[in-house]
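Working notes for the structure below.
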Amino acid sequence: MEVKLAKTAGFCMGVKRAVDKVLDVARHRGKKQVFTYGPIIHNPQTVELLKKRGVMPVDKLDEIEEGIVVVRAHGISPEEREQLEKKNVEIFDATCPRVARVQSIIMKHALSGYKIIIVGEREHPEVTALMGYSSDQGTVVRNREAVDKLPPYEKVCVVAQTTQNLEEYDEITDTIKKKFPVVEVFDTICRSTEKRQAEIRELAVETDGIIIVGGKNSANTKRLAVISQKQGTPTFHIETADELRSIDLSKHEKIGVSAGASTPNWITDGVVDYLLHYKDGKRLRKLRGLYNLWIFMVRTDIYSAIGAGCLSLVGMLFQGIGISIINVMIAATYVYAMHTINRLQDRNFGRIKGSFREETYVRHKDTYMTLAVLSLIMALVLSFVQGTVPFMLLLLMSLLGILYNITIFPPRWRLKRLVDIPGSKNVFTATAWALATVLIPLF
Ligand code: SF4
């Protein structure tokens, strides 16, 4: 099966910006609770992931008393913002700049006496927020029939929900222009939406099946599926790769994949991965095994340990001293132990929070700690075999390495930790590496 992934699949600028902002806020939140009013984006898997980072979506502002509130990419109405400002909360605004532009067009024209017509879905959070900017002069239309039912306004300003279909918007605005004497139409459809929709149209013609990945509650994702269906191509809207198990794809030879603006890449990659292995060839299975092994080694710091061993080997070669496999083992086991112990010393996993290492470190904490301690003991025993000086040196480095991430002084009279002093972290790491890779083989 040939699989073609749309170039435009995945997070748009506004969503990426909002997710980055909320992750950044969550990382530095301290003890404060982080809220998003409504889901930050319309993707249940991303919202679940954010919940694990301590970011709670709430449906009503009454549910927030204090803490930090991140305003979602779709924005909020001025009334809602006012309500938030009266509470004991810090507000971080992640409204997409393109949505903010529509808000300002509406506000300006409502104040100049225009009736505002918003082409979009009445219940969508972006549209409800936009309505808030219209000073009660706004109305929402979904299609041409809804335009026919509007009373005769003198002058109207027309904007679209940013994820509307361009062709439909053109048809609706044509009807509006015929009905009202003064009409100002603004093209507020986001270009990323437009490009995504144009690409799915082409992809649906080129392929014999289309998979659209993204939240079932995401308007722009649903619209992609509708556009593809309109081309007559069998289309499946799924949220994750798991849903593909119940779909018979055996008759399809070329499948196109696209994803909504709020679909994270890791979900789309999972779908592409599933499709590529649908008619699993042995070669692909072998490659997949190698890839998984590599990921496992990076995730568990075995990769760093191998790197340290290689560096020690290079150190011995450059210094023209005999190659000792024991030295290679010392460097590898020491680096593995220090990396792992330091990650596990941080009780909140602050430094790996959000990274691809977090899950495995949290789940296998005890096993990793046991392996790290055994590695350190092995490194010390091997250095002892090499002589008293290497042993003492490694013992000192191990103590320094363990202290690296430990708070020694009580917070009241604590000076800055060594690693908190700008630049010291790199110097500290570089020194430890130099000692491990150059001095030990020398002795
Ligand atoms: Fe912003 Fe466009 Fe993404 Fe909507 S689709 S959040 S307007 S970049």
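The values are calculated or read from the model by the stated rules, or taken from the named source; none is laboratory data. Just so it is clear, the structure is predicted and the values come from calculations on it, not from any experiment. Backbone-built Cβ (ideal geometry, glycine too); neighbour counts: all protein chains shown. The area values use the complete protein model at the heavy-atom level, side chains included, leaving out ligands, DNA and RNA. Shrake-Rupley method; radii C 1.70, N 1.55, O 1.52, S 1.80 Å.
A few points about this structure:
- Largest accessible area first, the listed residues Ser228, Ser112 line up as Ser112, Ser228 when surface is computed with a 1.4 Å probe on the assembled protein chains.
- Distances between placed amide hydrogens fall under 5 Å for Gly67 paired with Glu90, all partners being 5 or more residues away or on another chain.
- The chain, dipole about Cα centre (Lys/Arg Cβ +1, Asp/Glu Cβ -1), debye to the nearest 20: 1140 debye
- Pairs from Lys60/Lys87; Lys21/Lys108; Lys16/Lys365; Lys4/Lys195; Lys195/Lys230; Lys21/Lys87 whose Cα-Cα separation, in the structure shown, is over 23 Å: Lys21/Lys108; Lys16/Lys365
- Separation between Cα centres of the stretch 159-197 and the stretch 25-73, rounded to whole Å: 32 Å
- Helices in the chain that qualify as membrane-span-like (whole DSSP H runs, Cα extent of at least 24 Å along the helix axis, mean Kyte-Doolittle hydropathy of 0.5 or higher) are 302-319, 325-345, 365-386.
- Its residues counted as N, the stretch 1-152 yields a C-alpha radius of gyration over 2.2 N^0.38 Å of 1.19.
- Met338 sits with roughly 20 Å² accessible to a 1.4 Å probe, with DNA, RNA and ligands left out of the calculation.
- With all protein chains in place and ligands, DNA and RNA left out, the 1.4 Å accessible area ranks Leu394, Leu400, Leu380 as Leu400, Leu380, Leu394, largest first.
- Arg27 accessible area, 1.4 Å probe, all protein chains in place, Å² to nearest 10: 140 Å²
- When Asp273, Asp170 are compared by accessible area of protein heavy atoms, the largest-first order is Asp170, Asp273, using a 1.4 Å probe.
- Positive dipole terminus of the chain, leading residue within Leu275, Ser246, Ser218 (C-beta point charges): Leu275
- Solvent accessible area, Å² - Glu80, 1.4 Å probe, full protein context: 40 Å²
- Among residues other than Pro97 with Cβ under 15 Å from its Cβ, the summed charge is +4 (Lys and Arg +1, Asp and Glu -1).
- The alpha carbon radius of gyration of the stretch 174-234, expressed as a multiple of 2.2 N^0.38 Å, is 1.44.
- Remark on Val257: its backbone amide H falls under 5 Å from those of Lys4, Leu5, Ala6, Ile211, a criterion applied only to residues 5 or more positions apart or on other chains, H modelled at 1.01 Å from N.
- Relative contact order of the stretch 176-312, pairs being alpha-carbon contacts under 8 Å that are 6 or more residues apart, as %: 22 percent
- Using the alpha-carbon positions of the chain, Rg (one decimal) and Dmax (whole number) come out as 28.8, 95 Å.
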